Amino acid sequence: MSDGWSWVTESRYPSFCIVLARSKTPEELLRDYGLPLNKIEGIMKLEEAEESFPYDKVNHLIRVGRVGDWSFSYEDRIPLGMTEGVRERVSRNTETLEISKGGDGTNSFQRMKNSRRLETFEPRNPIDAFGDGPFLMSEILQERFQPDRGGRRAMIDLTTAISENYGITVDREALKGPLLTAALPN
């Protein structure tokens, strides 16, 4: 049985960036990151990737998989998925969702389509969304919004809304399992 998105609030995942791209293959997603083919290491489980590419030797470890009609990239080091160039390439000809959780407590959500930012906001404060619209996810979170619920509750509300509206769940088992892996050394 899936544990859903519960991992997003766990201390094991203090900071991360996950990018979801509709109708792209994992290979297409990695190409959009602009990685040279020789940096794609193949399919590895989380444990294998962490052993092969320790934190002190690899700044960027990107693991890519598929959930239904969506591909996802997961990064828990210095994220490339949050950079403007990668965001634009990944969202070209498709819709993307990006969730980032900072070790400093700053979280963000961004939805793009065809290289245009539709909405960006901090899940704790969906009322301050900006972008070209429509503001689908921020409006959903505003309906659920309650002051002083904190970042953990806001991330749960966000991932619940993603599951309900897009049918996407990236669970802990997917992250631990075999995923296409790319690494860029320090």
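The values are calculated or read from the model by the stated rules, or taken from the named source; none is laboratory data. In this text, all values refer to a predicted model and were calculated from it rather than measured experimentally. Methodologically, a virtual Cβ is constructed for each residue, glycine included, from the backbone with ideal geometry; neighbour enumeration extends over all protein chains shown. For the accessible areas, the whole protein counts, side chains as well, though only heavy atoms, and no ligand, DNA or RNA atoms are used. Shrake-Rupley method; radii C 1.70, N 1.55, O 1.52, S 1.80 Å.
Quick one: would you say GLY177 is open to solvent by less than 30 Å² (accessible area, probe 1.4 Å), at positive phi and modelled with pLDDT of 90 or more? Don't jump to the end; show me each part of the working.
Working: open to solvent by less than 30 Å² (accessible area, probe 1.4 Å): yes; at positive phi: no; modelled with pLDDT of 90 or more: yes.
In short, no.
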Taking the condition of a type in the set (A, V, I, L, M), in a strand (DSSP E or B), touching a Ser or Thr at 6+ places or on another chain (Cβ under 9 Å) and open to solvent by 60 Å² or more (accessible area, probe 1.4 Å), does ILE99 pass?
no
Selection from segment 117-128 of residues that are open to solvent by 10 Å² or more (accessible area, probe 1.4 Å) and at pLDDT below 95:
GLU122, ARG124, ASN125, ILE127, ASP128
Flag for TYR74 being over 20 Å from ASN165 (Cα atoms), in contact with a helix residue (DSSP H, G or I) (Cβ under 7 Å, 6 or more places away or on another chain) and at pLDDT below 95
no
The residue that is farthest from ASP157 (Cα to Cα), considering only those in segment 1-44 that are in contact with an Asp or Glu (Cβ under 8 Å, 6 or more places away or on another chain) and hydrophobic (A, V, I, L, M, F, W, C), is ALA21
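Residue-wise test of (1) more than 27 Å from GLU139 (Cβ to Cβ); (2) touching a Phe, Trp or Tyr at 6+ places or on another chain (Cβ under 8 Å); (3) open to solvent by less than 70 Å² (accessible area, probe 1.4 Å).
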| site | (1), (2), (3) |
| --- | --- |
| VAL58 | yes, no, yes |
| ASP69 | no, no, no |
| GLU75 | yes, yes, yes |
| ILE78 | yes, no, no |
| GLU84 | no, no, no |
| SER91 | no, no, yes |
| SER115 | no, no, yes |
Is one or more of the residues making up segment 146-156 in contact with a Gly (Cβ under 9 Å, 6 or more places away or on another chain), in a strand (DSSP E or B) and modelled with pLDDT under 95?
no
If you scan segment 3-33, which residues turn out to be surrounded by 12 or more Cβ atoms within 10 Å (Cβ to Cβ) and small (Gly, Ala, Ser)?
GLY4, SER6, SER15, ALA21
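Looking only at segment 35-56, count every residue that is part of a loop (DSSP other than H, G, I, E, B) and either free of Cβ contacts under 8 Å to residues at least 40 places away in the same chain or open to solvent by 50 Å² or more (accessible area, probe 1.4 Å) (or both) and tell me the total.
Keep residues of segment 35-56 that are part of a loop (DSSP other than H, G, I, E, B), which gives 35-36, 45, 53-56.
In the following step, the residues that additionally are either free of Cβ contacts under 8 Å to residues at least 40 places away in the same chain or open to solvent by 50 Å² or more (accessible area, probe 1.4 Å) (or both) were identified as 36, 45, 54-56.
Number of matching residues: 5.
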